[in-house]
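The structure under discussion appears below in the form of structure tokens.
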Amino acid sequence: MKKVLTESDIEALLAQGKGADAIPAGTILTPSAKDRLKLAGGTVAKRSSFSKPAAASAAPAGNVTMSDNELFGVPVIPNYEYTWTPGQDPKTRDEIRAFYFSPEITTIRENMALMGKRMWEREYTDGNGGNLTVRVGDNLALCTPTLICKGFMKADDMALIDLDGNQIAGRLKRTSEAMTHLAIMKRQPKAKACCHAHPPHATAYAVAKVQPPTCLIPEAEVFLGQIGVAEYRTPGSPENAEEVGTVAIDHMSVLMINHGVITWGKDIEDAYWKMENTESYCKTVWVASMLGKKLDPIKASEAKTLIELRKSLGMDDKREGWKECELCDNSDFRPGFFTDRDGGACQVACGCDSGSSSSIADAEELVKTITAEIQSQLGK
Ligand SMILES: [Zn+2]
């Protein structure tokens, strides 16, 4: 029996007709293993993996695929984040082989192939473009191979690499752009998976060097946050890794100037969702900008509420401490394009920088002092 049990281990245990009493004292259970055990309530039941939901939903009526505990128990929020025990990365060839083909890692590799298919089908990648990574240890990540179409990958195509990019296992050579993904993972521990692609609309913003505006669609504020911009560096180079890694600390979606988009999340589907969110948002803003009216952003007070909601879902937001007038200031996006937000409204309204009311007050005070001094001199 292993010291740490995962959800897959609990599945295996339940499949043998065993329950919680078969787990020795002192065994550590991952959060998803605990959930699975709680949900099972000792009953033998197999839950479908999220990569295969069709099998369960397509089952004919009367074909029981869930236990009563699953069907009527406490509903859970889906969570596919992979957690590992620090200091327990596999080292020997036998350990690495067992790890690579373990049910949990196999599911992740299958889902990477699936997300690649979704990217390619939505035309986010062309040719051999795009790449995906998932962190699976202190110093381990799974990574898509180089020179392969992302729409037709197999789970066994994924390379296992360390966080310096050295290939540890896998029949295909890892992508050169993995270094950028790894730079993000090293700087931002919440980044457990990265997704890179060249979706046409978002990439158009990156090519035109236009940062997408904020405060136009609530879901984008909550699930995406502000989209960051990284300066152009040669793809796959250490300079690109440094530039993008730094910007991605505060941004889950980053436009790479003259290149494409990279997103990160807590698992590979989450990272992929950020790619969908980014492309969809850029496309919508582009179309809205052609409808002949100025765009009217969400009010800053309401944006604050959305940022609070984002935080409650476990996602940081660098705008948390910003003043209200700064939150929806899109004056850099096509000047004259927004209602109420142009012409330095921020500075006049609440004093964000050099034109602030406080510095105006300081200037007025200085004028008063100088006038009094001159009058005093003249009076002598
Ligand atoms: Zn690229």
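The values are calculated or read from the model by the stated rules, or taken from the named source; none is laboratory data. It should be emphasised that the depicted structure is a prediction, and the values quoted were computed from it without experimental measurement. Cβ coordinates were reconstructed from backbone atoms using ideal geometry, including for glycine residues, and neighbour counts include every protein chain displayed.
Of all residues in region 233-261, those that are within 15 Å of the ligand (Cβ to nearest atom) and modelled with pLDDT under 95 have Cβ atoms under 8 Å from Cβ atoms of residues that are in a loop (DSSP other than H, G, I, E, B) and not acidic (Asp, Glu), 6 or more apart or on another chain, in Pro235/Ser176; Pro235/His259; Gly236/Ser176.
In region 212-219, is there at least one residue being touching a residue at least 24 places away in the same chain (Cβ under 8 Å) and within 14 Å of the ligand (Cβ to nearest atom)? Reasoning before the result, please.
Going residue by residue through region 212-219, those that are touching a residue at least 24 places away in the same chain (Cβ under 8 Å) are 212-219.
With the extra rule that they be within 14 Å of the ligand (Cβ to nearest atom), the set shrinks to none.
Taking every residue of region 212-219 in turn, none turns out to be touching a residue at least 24 places away in the same chain (Cβ under 8 Å) and within 14 Å of the ligand (Cβ to nearest atom).
In the set Thr180, Thr133, Thr144, only one residue is surrounded by 18 or more Cβ atoms within 10 Å (Cβ to Cβ) and either more than 16 Å from the ligand (Cβ to nearest atom) or farther than 21 Å from Thr246 by Cβ (or both); that residue is Thr144.
Kindly provide the set of residues from region 280-297 that are surrounded by 18 or more Cβ atoms within 10 Å (Cβ to Cβ) and closer than 18 Å to Ile227 by Cα, ordered by number.
Step one: of region 280-297, the residues surrounded by 18 or more Cβ atoms within 10 Å (Cβ to Cβ) are 280-282, 285, 295, 297.
Across region 280-297, the qualifying residues are Ser280, Tyr281, Cys282, Val285, Pro297.
For region 165-179, which positions are part of a strand (DSSP E or B) and over 25 Å from the mean Cα position of the chain (by Cα)? Within region 165-179, Ile168, Ala169 qualify. Based on what the data block shows, is Ala197 hydrophobic (A, V, I, L, M, F, W, C), within 16 Å of the ligand (Cβ to nearest atom) and in contact (Cβ under 8 Å) with a residue 60 or more places away in the chain? Yes; evaluated as a whole, the condition is true for this residue.
Suppose we filter Thr107, Thr85 for residues that are exposed (fewer than 15 other Cβ atoms within 10 Å of the Cβ), hydroxyl-bearing (Ser, Thr, Tyr) and modelled with pLDDT of 95 or more; which single one remains? Don't jump to the end; show me each part of the working.
Working: Thr107 fails: exposed (fewer than 15 other Cβ atoms within 10 Å of the Cβ).
It is Thr85.
The number of residues in region 147-162 being farther than 17 Å from Leu114 by Cβ and either surrounded by fewer than 18 Cβ atoms within 10 Å (Cβ to Cβ) or within 16 Å of the ligand (Cβ to nearest atom) (or both) comes to 2.
Flag not set for Tyr232, criterion: farther than 20 Å from Glu269 by Cα, over 17 Å from the mean Cα position of the chain (by Cα), among the aromatic types (Phe, Trp, Tyr) and not in a loop (DSSP other than H, G, I, E, B). When we screen Ala202, Ala183 for residues that are among the hydrophobic types (A, V, I, L, M, F, W, C) and either part of a strand (DSSP E or B) or within 27 Å of Cys328 (Cβ to Cβ) (or both), the only hit is Ala202. Would it be correct to say that Trp273 is away from the ligand (no atom under 12 Å from the Cβ), of a type in the set (Phe, Trp, Tyr), assigned by TED's automatic domain parsing to the domain that holds Asp164 and surrounded by fewer than 22 Cβ atoms within 10 Å (Cβ to Cβ)? So Trp273 fits the description; yes.
Please list, ordered by first then second residue, the pairs with beta carbon atoms under 7 Å, 6 or more apart or interchain, first in region 107-132 and part of a helix (DSSP H, G or I), second of a type in the set (Val, Ile, Thr) and more than 16 Å from the ligand (Cβ to nearest atom). So the pair list comes out as Ile108/Val134; Ile108/Val136; Ile108/Ile268; Asn111/Ile268; Met112/Val134; Met112/Ile268; Met115/Ile268. Is it the case, given these coordinates, that Ile96 is farther than 22 Å from Ser280 by Cα and under 19 Å from the mean Cα position of the chain (by Cα)? The answer is no for Ile96.
Which residue out of Lys52, Lys2, Lys91 is among the charged types (D, E, K, R), modelled with pLDDT under 80 and under 25 Å from Ala191 (Cα atoms)?
Working: Lys2 fails: under 25 Å from Ala191 (Cα atoms); Lys91 fails: modelled with pLDDT under 80.
Result of the check over Lys52, Lys2, Lys91: Lys52.
Residue check: His251 meets all listed conditions (1) of a type outside the set (D, E, K, R); (2) over 30 Å from Lys293 (Cβ atoms); (3) in a loop (DSSP other than H, G, I, E, B); (4) in contact with a Gly (Cβ under 7 Å, 6 or more places away or on another chain) but one, namely (2). Taken over region 61-82, the residue count meeting the criterion of being surrounded by 12 or more Cβ atoms within 10 Å (Cβ to Cβ) and either touching a Phe, Trp or Tyr at 6+ places or on another chain (Cβ under 7 Å) or in a loop (DSSP other than H, G, I, E, B) (or both) is 9. Got at least one residue in region 142-165 being assigned by TED's automatic domain parsing to the domain that holds Thr107 and under 27 Å from Lys311 (Cα atoms)? No: region 142-165 contains no residue that is assigned by TED's automatic domain parsing to the domain that holds Thr107 and under 27 Å from Lys311 (Cα atoms). The set of residues in region 166-177 being surrounded by fewer than 16 Cβ atoms within 10 Å (Cβ to Cβ) and either outside the structural domain of Pro103 (by TED's automatic domain parsing) or over 23 Å from Gly87 (Cβ atoms) (or both) consists of Arg171, Lys173, Ser176.
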